[in-house]
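What follows draws every value from the coordinates through simple rules; no lab data is involved. Predicted, not measured: the structure shown is a model, and the values here were computed from it. With ideal geometry, Cβ positions are generated from the backbone for all residues, glycine too; neighbour counts draw on all protein chains shown.
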Amino acid sequence: MKLIGIEDGRHEFLLTRREKDLLLLVLRLYPRIPAGHQPLSKTRPEEKANQRLLDEALAEARMENKKALEALLSDTKRFKQQGSGWRLSLSSTDVDWLLQVLNDVRIGSWVQLGSPEQPLKELNVRTAPALWAMEMAGAFQMSFLELLKA
Amino acid sequence: MAETATPELVPGTVQEQKSDVKSELEPGYLVICWNDPVNYMDYVTHVFQRVFGWPRKKAEFHMLQVHEQGKSVLARESLEKAEHYVHQLQKHSLHATMELDG
């Protein structure tokens, strides 16, 4: 994946066909983090009303992200074929949103693996799908962040 | 008996003292980001920049505090603002909570 330029505030990325297919495959796993996963407070768990409001706000944000994702996946203009690769055009807001979605897939997959403190030592049929999703989402996140930093 | 001179008060000074007292009385909430083994350091820096509008250096400072000390206090705010920040940080899947200060 390459950042080929920034035009009118939009980031123009160039992906190979395989990168595009993999990115779409990872994005289709969204949302991955279970609802109610995050506490609002560690010391005041009694604040149930505020916790409920936070859970509702996060659920709403997830629904909006899901809609935006479906729009991205069905928008044929977002990905334009260029040579043997694909050009992806994203605004700064889109990039932040895409990173959010990828991180949800990464963290949600990690939660599915039992939230291990250390990297998994054993790869087996049970853990492989979640580990693949976690690492692949992370690889795309890092690629986008590296390109933006450069 | 000589009169004690009354100190001249600049209106702005009185206003400032009042607001200081008020902020001390209001309960403050700390917005805290906790370390976890899965979020990337670059991503955490990016999120701090987006959510708080911080320059990269400040965002990196807090990211390193999370990484090395297990947590970083990112802000002290009113209940509503603290909730807003926690929501934004959790929307980005960071491990963030708000705790009553003191």
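Measure out, as a whole number of angstrom, how far apart the alpha-carbon centroids of the range A:11-81 and the range B:43-84 sit.
21
Count the net charge of all other residues whose Cβ sits under 14 Å from the Cβ of B:S72, scoring Lys and Arg as +1 and Asp and Glu as -1.
Numbers: positive: B:K58, B:K71, B:R76; negative: B:D36, B:E60, B:E68, B:E99.
Charge balance in the 14 Å sphere: -1.
As a test of the formula, what do you get for the protein assembly as shown when each DSSP H run with n ≥ 4 contributes -39,500 (n - 2.57) and the sum is divided by the residue count, at 222 nm and rounded to the nearest 500 deg cm²/dmol? Write down the numbers at each step before the final one.
Working: 8 runs with 135 residues, N = 252.
When only DSSP H runs of four or more count, the value is -18000 deg cm²/dmol.
Looking only at A:L99, A:L123, A:L14, which one moves most when chain A is put into a Gaussian network model with springs between Cα atoms under 10 Å?
A:L123
Taking only Cα atoms and a 10 Å spring cutoff, compute GNM fluctuations for chain A and point out the largest among A:E122, A:E60, A:E12.
Ranking A:E122, A:E60, A:E12 by mean-square fluctuation puts A:E122 first.
For the pair A:T43/A:L123, report the inter-label distance in nm, with labels modelled 7 Å from Cα in the Cβ direction.
Each label point is offset 7 Å from its Cα along the Cβ direction, giving 4.4 nm.
Can you tell which of A:G85, A:G138, A:G114 shows the greatest fluctuation in a Gaussian network model of chain A with Cα springs below 10 Å?
Its mean-square fluctuation being the largest, the pick is A:G114.
What number comes out for the charge environment of A:G5, summing +1 per Lys or Arg and -1 per Asp or Glu over other residues with Cβ under 14 Å away? Intermediate values should be presented prior to the final figure.
Values: positive: A:K2, A:R10, A:K80, A:R87; negative: A:E7, A:D8, A:E12.
Neighbour charge sum, excluding A:G5 itself: +1.
Given DSSP loops and a limit of at most 16 other Cβ atoms within 10 Å, what is the longest stretch of chain A that contains no such trypsin sites (Lys or Arg not before Pro)? All intermediate terms of the calculation are to be shown ahead of the outcome.
On the way: sites that count: A:R28, A:K42, A:K77, A:R78, A:K121, A:R126.
Looking at chain A, A:79-120 is the longest stretch - no exposed trypsin sites (Lys or Arg not before Pro) with at most 16 other Cβ atoms within 10 Å.
Could you tell me which helices of chain A pass both thresholds, a Cα extent of 18 Å or more along their own axis and a mean Kyte-Doolittle hydropathy of at least 0.0, with helices taken as whole DSSP H runs? Walk me through the numbers before you get to the answer.
Working: long enough: A:48-74 (39 Å, -0.52); A:92-112 (30 Å, 0.13); A:128-149 (31 Å, 0.79).
Span-like helices here: A:92-112, A:128-149.
Rank the residues B:M98, B:M63, A:M63 as a footprinting-exposure proxy: fewest other Cβ atoms within 10 Å of their Cβ go first. Mind dumping the intermediate values first?
On the way: B:M98 30, B:M63 24, A:M63 11.
Ascending Cβ contact count within 10 Å gives the list A:M63, B:M63, B:M98.
Taking each pair of different alpha-carbon atoms in chain A once, compute 1/r for the pair, average those values, and report the inverse of that mean as the Kirkwood hydrodynamic radius in Å to one decimal.
About 17.0 Å for chain A.
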